[in-house]
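> If you scroll down you'll find the structure; I have some questions about it.
The values are calculated or read from the model by the stated rules, or taken from the named source; none is laboratory data. Owing to the predicted nature of the structure, the values given are computational and were not obtained by experimental measurement. Cβ placement follows ideal geometry from the backbone for every residue including glycine, while neighbour counts extend to all protein chains displayed.
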Amino acid sequence: MTMSSDFQINTAHPMPIYAQLEQTIRFAIVTGKLRAGERLPTVRQLAVELSVNANTVAKVYAELERAGVLETKRGIGTFVSENHAKAVRRTDQHKRLKDLTERFVTEAAAHGFSIDDLIDQLQIRRKK
């Protein structure tokens, strides 16, 4: 993955560059452009690709590492944390289930069924 093509930094934007970069990395992880265990460019590489100060990239990497989003393996590089990626997937699954439940309850109500009716049917199904 070429980071410069996926990571967009706008120096004219009022948001600080480090905040833009942090947001961009987090977004790439959430959307699957960066996967668990995937290696990020070195601080120097990314700074050159984005034409930003290396200290800015180092600050973002350090902050994301403190937050558990990234992990640095000395002498090897910086990677998307396996644990963070799993947590993101669990959160995403929970949101999808919540959305599905909302649609289900809304549609059932439109057909005249109550939540208790739904629960009764789900319990009957569970016993099968």
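> Looking at (1) free of Cβ contacts under 8 Å to residues at least 40 places away in the same chain; (2) in contact with a Lys or Arg (Cβ under 8 Å, 6 or more places away or on another chain); (3) not charged (D, E, K, R), find the lone condition where PRO16 falls short.
(2)
> Do any helices (runs of 4 or more DSSP H) lying entirely in the stretch 9-128 carry at least 3 residues that are at pLDDT below 90 and surrounded by 12 or more Cβ atoms within 10 Å (Cβ to Cβ), and which ones are they? Before the answer, list the steps.
Details: elements: 17-30, 43-50, 54-66, 82-110, 115-127.
Filter on the stretch 9-128 gives 17-30, 82-110, 115-127.
> Now for a different question. So VAL60 clears everything in (1) in the same structural domain as GLN121 (by TED's automatic domain parsing); (2) in contact with an Asp or Glu (Cβ under 6 Å, 6 or more places away or on another chain) except one condition, right? Which one?
(1)
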